[in-house]
Amino acid sequence: MTPAVHVVAAKHNPISFRGLLREMPVRTCGLRNMDYLLSTLEEAIVETRSTPLENRPRLPRLALSKRNRAVVRALNSVLVTYLEASRDLCETDSILFGGALSVCRIIGAKLSTAGRATGQSSAIPAWRIRIEELIAKARALIGRLICFRSGNTRPRIVRTVRMAFAGTNASLSQPDIIQKLTERIDDLKQRIAAWGKRIRRYTERLTRFNQNRLFESDQKRHYKSLERPIVSGTGPAPN
């Protein structure tokens with residue numbers, strides 16, 4: 001759905017069901033302050049109508065708590081009336097997104113005001129950040145396991161080793177604990193190598209993608225870029 005569609009939809013007069021919805025019993029929605037719910041919902045819908053798609057805020061994931069479930073049930077019961085009077089897909093889209101937006105505002109969830117990412121983006125993917133964090137934790141654990149294997153029995157080191165073997169039958173008093181430590185260290189090193197290989201594959205693929213895109217748009221710049229080191233991770237990610 002293009003932003004122009006939202007601009008056209010914004011020209012329609014906003015639908016107001018406040019008088020009709022106020023007649024609904026409060027117990028149907030499960031909230032006491034019905035006026036606050038309706039005003040928040042209508043403001044969110046009107047705001048969504050006049051906001052281009054790329055400028056909409058990103059909606060966060062909500063915890064499945066009892067309070068959040070009650071708010072969602074309340075909005076669902078109210079949205080039925082809005083959806084029945086919807087005139088087109090643009091109006092339906094504004095109602096649904098406005099309902100989700102109003103839920104976030106009612107429960108106090110944080111919304112990103114930067115909008116959706118458009119055009120070229122050099123942001124590091126979230127999965128790569130997670131893998132780099134796992135690699136850092138694994139390297140720290142390897143360091144402490146090596147310290148313990150070398151005879152370092154400080155409480156902090158011992159506590160870390162116990163956590164590393166949690167859920168197994170291994171005990172620090174067993175005679176073959178050195179062998180198990182070595183096996184655990186080798187396993188962590190293999191995981192680090194696998195994670196690093198995944199990052200390298202992505203980096204190489206991203207580099208090839210950017211090179212091909214630059215070659216199609218500007219061959220002169222492409223050949224100049226080959227003369228100097230290419231900074232990976234910049235430019236848009238491949239589809």
Expected output for region 136-152 (first residue farther than 14 Å from ARG162 by Cα and at pLDDT 90 or above, partner among the small types (Gly, Ala, Ser) and loosely packed, with under 11 Cβ neighbours inside 10 Å, Cβ below 7 Å, 6+ apart or cross-chain) is none
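Residue-by-condition table, conditions (1) touching a Phe, Trp or Tyr at 6+ places or on another chain (Cβ under 8 Å); (2) modelled with pLDDT under 85; (3) surrounded by 12 or more Cβ atoms within 10 Å (Cβ to Cβ); (4) not acidic (Asp, Glu):
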position: GLY167; (1), (2), (3), (4): no, yes, no, yes
position: PRO175; (1), (2), (3), (4): no, yes, no, yes
position: THR182; (1), (2), (3), (4): no, no, yes, yes
position: ILE185; (1), (2), (3), (4): no, no, yes, yes
position: LYS189; (1), (2), (3), (4): no, no, yes, yes
position: GLY196; (1), (2), (3), (4): no, no, yes, yes
position: PHE209; (1), (2), (3), (4): no, no, yes, yes
position: SER225; (1), (2), (3), (4): no, yes, yes, yes
position: VAL231; (1), (2), (3), (4): no, yes, no, yes
Only one residue in THR40, THR51 is among the β-branched types (Val, Ile, Thr), modelled with pLDDT under 85 and within 23 Å of LYS110 (Cα to Cα). Which one?
-> THR51
Within region 49-66, the residues that are out of contact with any strand residue (DSSP E or B) (no Cβ under 8 Å at 6 or more places or on another chain), within 14 Å of VAL103 (Cβ to Cβ) and surrounded by 13 or more Cβ atoms within 10 Å (Cβ to Cβ) are LEU59, LEU62
Counted residues, region 63-92 - those being under 16 Å from ARG105 (Cα atoms), modelled with pLDDT of 85 or more and not in a helix (DSSP H, G or I) | 1
Within region 153-165, the residues that are within 28 Å of ALA194 (Cβ to Cβ) and loosely packed, with under 14 Cβ neighbours inside 10 Å are ARG159, ARG162, MET163
Has region 97-108 got at least one residue that is farther than 17 Å from ALA44 by Cβ and modelled with pLDDT of 85 or more?
-> no
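The values are calculated or read from the model by the stated rules, or taken from the named source; none is laboratory data. These figures come from a predicted structure and were not determined experimentally. FYI the Cβ positions are ideal-geometry reconstructions off the backbone, even for glycines, and counts take in every protein chain you see.
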